[in-house]
Amino acid sequence: MDGKDLTKKEQGAVESTRNLRQVTPLVDIYENDDEILLHAEMPGVKKDDITVNIDNGNLTLSGVRSIVHDGAADWEEFGDVEYQRVFSVPQTIDIKKVNAELKGGILALHLPKSEAAKPKQIKIKAG
């Protein structure tokens with residue numbers, strides 16, 4: 001991947017509607033002939049608390065981790081957070097086939113390429 005298709009977008013980041021500490025999730029991005037695969041680290045976030053949106057060339061990931069507290073805290077460093085990250089995505093993504101799965105705190109987002117964007121080998125005929 002040459003970095004032009006899927007790039008980090010700092011400007012226009014998602015505006016938080018809650019008063020939570022915001023964290024940028026760590027990501028790994030892989031590309032092959034069929035898809036772009038994005039892994040985002042969101043430990044402690046439940047599937048129902050994650051939002052993935054693709055709109056007008058922007059991919060927005062957000063998720064909220066809420067910790068249930070038992071008793072009074074003597075020391076607290078591991079609290080509620082909101083994970084947020086925005087990327088620019090190529091227009092060649094087949095949005096209807098995008099899927100995501102959450103396992104072990106890692107969100108795996110599969111962004112399939114449209115047929116027109118996949119590399120094709122041209123068969124040469126003998127003359």
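Quick notes on this structure:
- Sparse-neighbour loop sites [chymotrypsin sites (Phe, Trp or Tyr not before Pro); the stretch 69-127; at most 12 other C-beta within 10 Å; DSSP]: TRP75, PHE78
- Mean-position separation - Cα centroids, the stretch 74-97 and the stretch 99-127, in angstrom: 22
- Qualifying GluC sites (Glu not before Pro) in the stretch 22-99, DSSP loop, other Cβ atoms within 10 Å at most 10: GLU76, GLU77
- Cross-link pairs LYS97/LYS123; LYS46/LYS120; LYS97/LYS125; LYS96/LYS120; LYS96/LYS125 - those with Cα-Cα distance over 30 Å: LYS46/LYS120; LYS97/LYS125; LYS96/LYS125
- Reference-scaled alpha-carbon Rg (2.2 N^0.38 Å with N residues) for the stretch 57-127: 1.92
- Computed FRET value (nearest 0.05) for ASN58 with GLN121, which takes r as the C-beta separation and R₀ as 22 Å: 0.10
- Shape of the stretch 39-96, Cα gyration tensor, a/c cut at 1.5: prolate
- Trypsin sites (Lys or Arg not before Pro) within the stretch 49-127: DSSP coil, no more than 10 neighbouring Cβ in 10 Å: LYS120, LYS123, LYS125
Read the figures in this text as sums done on the coordinates, not as results from a lab. The structure displayed is predicted, hence computed values, not measured ones. Neighbour counts are summed over all protein chains in view; Cβ atoms, including those assigned to glycine, are modelled from backbone coordinates with ideal geometry.
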